[in-house]
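Here the structure comes first, spelled out in structure tokens, and everything after it is commentary.
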Amino acid sequence: MIKDFKTLKNKTSFIFKNNKFETFPNIWLRDHVKNKENWDFKTNQRTTFTANIDLNIKIRKAKILENGKYIEILWSNEIKPVRYSYNFLKENSLKKKEIKKDLYYWKNTDIKNQIFMSYNHILTKKGFKNLLKKINKYGFAVVRNCSKDLNSVKKIAKKIGYVRNSIFGGLWTFESNNKKADSAYSNQELRPHTDSTYSNDAPGLQLLLCCKYKAKGGDSIMVDGFKLAEEIKKKNTSYFKTLTKTKVKGSYIGDGVRLEAERPIIKLNNKNNFDQISFNNYDRAPFRDTNQKTINFYKAIKLFDTLANHQKYQWRHILKPGELLIFNNWRVMHGRGAFSGIRKMAGCYINKEDFDSCCRINNIN
Ligand SMILES: [Fe+2]
């Protein structure tokens with residue numbers, strides 16, 4: 001609750017009932033007024049013309065209301081006072097502790113049956129939330145007992161967001177063949193990688209359903225990229241630095257397109273937490289740096305890719321017909337063992353932002 005306030009030059013300091021205080025710039029406070037003159041409650045959008053606000057705006061009058069639940073401020077050059085709640089100030093405090101995300105960075109032996117779920121369960125509200133929690137925590141999950149066609153892929157994708165369209169289409173089915181210009185369509189072992197390093201906005205989730213399996217081998221491989229990043233950060237800071245700083249170029253050439261993008265293999269967010277893993281040795285395009293940095297880069301990817309191909313970090317599982325693998329392509333690398341025989345798969349991509357939105361709506365951090 002708000003106990004008192006102090007006006008400073010261009011800023012206001014709020015003293016709370018626990019005797020802690022926080023200072024906010026006046027321009028920031030004025031910019032965040034939510035009343036019918038400044039905010040469209042139907043669209044949840046600001047209507048204030050921020051550029052028209054005086055940068056030196058001052059408090060003319062202020063009073064604390066409802067035992068500190070609100071403060072009412074009349075700004076200079078304005079006629080109508082505006083309200084701010086204690087909760088709003090608290091929510092936007094610089095001292096607010098970051099909510100610890102429920103993430104578990106794993107190696108092979110950490111994954112048992114916790115990632116399996118049944119299709120019928122995820123159709124319930126509780127089950128669906130559980131699925132999101134698992135994808136959030138481990139970076140992947142497997143849904144069992146799905147129909148062996150695109151209907152189940154479509155149904156699950158629609159619950160999360162919408163199917164993303166790409167050069168591979170929206171919803172797709174494929175059997176090993178050489179019609180596409182991509183390694184995913186062959187039956188050689190596919191080493192762990194993330195998809196679309198050539199896209200500025202790589203797909204967030206990939207859904208992969210096994211429709212038919214009359215083959216030998218072809219096990220799906222999952223590797224927690226964040227676990228590798230954590231290991232390298234702990235044991236080899238200079239390689240970690242190289243992997244977080246070197247922008248690697250990816251390209252897709254074929255099927256009438258030429259896509260290119262670049263970003264570091266381990267991308268950090270502004271709080272220095274792991275944000276995105278982008279590693280695809282198949283799609284890496286030529287790029288130059290100084291010769292020393294280039295040599296350092298090769299040393300660093302040697303370590304990264306060696307770990308990614310080590311059984312300690314690989315979860316391997318042969319998907320049975322009706323099993324659907326969902327994974328976060330911004331975190332978990334995927335691969336597939338060599339196989340012979342018939343293996344028919346279906347799937348789709350979902351944007352990362354739509355998965356994040358779905359998690360927020362379901363109160364999953
Ligand atoms: Fe792939």
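Selection of the range 221-236 for residues being more than 13 Å from I266 (Cα to Cα) and in a helix (DSSP H, G or I) yields K234, K235. Out of R60, R83, R30, one residue alone is part of a helix (DSSP H, G or I) and of a type in the set (K, R). It is R30. Per the conditions (1) surrounded by fewer than 20 Cβ atoms within 10 Å (Cβ to Cβ); (2) more than 18 Å from K352 (Cα to Cα); (3) in contact with a Lys or Arg (Cβ under 6 Å, 6 or more places away or on another chain), the sole criterion not satisfied by I221 is (1). Scanning the range 193-220 for residues that are part of a strand (DSSP E or B), within 20 Å of K154 (Cα to Cα) and either within 13 Å of the ligand (Cβ to nearest atom) or in contact with a Phe, Trp or Tyr (Cβ under 9 Å, 6 or more places away or on another chain) (or both) gives L205, Q206, L207, L208.
Computed from the coordinates by the stated procedures, all read-outs in this text should not be read as laboratory data. Here the structure is a predicted model, which means the values were calculated and not measured. We place every Cβ from the backbone using ideal geometry, glycine too, and count neighbours over all the protein chains shown.
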